[in-house]
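Have a look at the structure below before the remarks.
Just so it is clear, none of the values below were taken in a lab; they were calculated from the coordinates. Please read all numbers here as calculations on a predicted model, not as lab measurements.
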Amino acid sequence: MTSSFKLSRRAFGAGTAGLALAGLLPKAAFAQETRSVTTVLGTYDIPANPQRVIAIDSRLDLEPAVALGLNVVGHAYWKPEPWVPAQDSWVFVGEAPVLEQVLALDPDLIICTDVGDHNSEYWPIAKLKDIAPLLPPAYAQPWKSIVAELGAWTGREGQADAIIAEYDALIADIKTRRAELIATKKIAVVQPWTDGTVYLQAELSLLQPQIMADLGSITPPPVEGNIISAENFGTYFGDVDAILYVNHGEGVVEQISADPIWNRVPAVAAGKTLAPVGNTNFGGVYTAMQIAKFLDELYGKLA
């Protein structure tokens, strides 16, 4: 089967009406062998072997695309974390994707996380789908479900299974080596905020709780809003044995580390903390495996 894809002018609005759109139409989207997919956008064709893939979200879209062996040419949102096998040839198309830059890369497939609002600034599915065929994995899914879904859509089920198997093997190894610690020690993952509170990473839409659940970790129960203020540090973290920080390298870990109330938390006072730099809140298999390694190191502090 072959298919062509046509850009819709209405996606651009008045701000880009002056573009020479005819010269920017994505040539790669024409005359390719295709496969049929069904997503929230309907049933339509995508290239069977895409050659120029843009993965919009550098965490939720880029990581599974790379792991599945798709030929990525560009991405948006932010730079990939250091544990992601990035390529110098990738083009950054803006924190919020700049449509002219997306067009200039001549994509034949776009992957864009579906956050529920198809007109959102950072994940503008309604506009991007008029540039090239688009796959919209749902934001609320666990990372394994996202890679499996993208694998099924792109005909790469075998690669998706292998990705998940590699992760599962790492989890099994950590569970074997750290079995006693996992069964007896309570750990927490927190993100300090500039107002002196900490956010407990407890929602399964975040990546760290997914990994802790796979390990069978003992963790503090979630609270409403998951924001812990200074007056509750002792009460809430008093029985926590070790703490992993979410550390974006913006000075907030150093700020909380200087807080005398936070320093009364037993795990903090005992030095049973770990603060690796990197965004681990969202991602795919690369970040999931890196979090598992961080947690392995954290348990090692308790050995």
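With an 8 Å cut-off on Cα pairs and a minimum separation of 6 or more residues, tell me the relative contact order of the stretch 94-210 in percent.
Numbers: 104 pairs, mean separation 19.7, N = 117.
This gives 17 percent for the stretch 94-210.
For the chain, set up a Gaussian network in which alpha carbons nearer than 10 Å are linked by springs, and say which option among LEU62, LEU105, LEU41 fluctuates the most.
LEU41
List the residues whose amide H sits under 5 Å from the amide H of LEU134, counting only those 5 or more places along or on another chain, with H placed 1.01 Å from N in the peptide plane.
Amide H neighbours of LEU134, under 5 Å, 5+ apart: ILE110.
For the stretch 200-213, just list the computed ³J(HN,Hα) in residue order, Karplus coefficients 6.51, -1.76 and 1.60, θ = phi - 60°, integers in Hz, with x standing in for Gly and Pro.
7, 7, 10, 7, 6, 6, 8, 7, 4, x, 5, 6, 5, 5
Could you derive backbone 3J(HN,Hα) for the stretch 73-84 from the dihedral phi with the Karplus parameters 6.51, -1.76 and 1.60 (θ = phi - 60°), listing whole Hz in sequence and x where the residue is Gly or Pro?
Once θ is set to phi - 60°, the couplings for the stretch 73-84 become 10, x, 7, 10, 6, 7, 6, x, 5, x, 8, 8 Hz.
Of the listed values (1) -0.55, -1.29; (2) -0.71, -1.20; (3) -0.62, -1.20, grab the one calculated as log10 I(q)/I(0) by the Debye sum over Cα atoms at q = 0.10, 0.16 Å⁻¹ from the structure here.
Entry (3).
For the chain, modelled as a Gaussian network with Cα springs under 10 Å, which listed residue fluctuates most, ASP241, ASP88, ASP168?
ASP88
Taking amide hydrogens as modeled 1.01 Å from N in the peptide plane, which residues meet the under 5 Å criterion relative to ARG52, leaving out close sequence neighbours?
Under 5 Å from the amide H of ARG52 lie the amide H atoms of ASP108, LEU109, each far enough along the sequence or on another chain.
Counting only residues 5 or more places away or on other chains, whose amide H sits under 5 Å from the amide H of ASP114 once H atoms are built in the peptide plane?
So ASP114 has HN proximity to ALA138, TYR139.
So for the chain, averaging the separation of alpha carbon pairs under 8 Å that are six or more residues apart and normalising by length, what relative contact order in percent results?
16 percent
Averaging sequence separations of C-alpha pairs under 8 Å and six or more residues apart, then dividing by the length of the stretch 184-229, give the relative contact order as a whole percent.
46 percent
Whole-Hz ³J(HN,Hα) for each residue in the stretch 142-159, computed from phi via Karplus 6.51 cos²θ - 1.76 cosθ + 1.60 with θ = phi - 60°, x for glycine and proline: what do you get?
Each residue's phi maps through the Karplus curve to give x, 4, 5, 5, 5, 5, 5, 5, 5, x, 5, 4, 9, x, 10, 4, x, 5 Hz.
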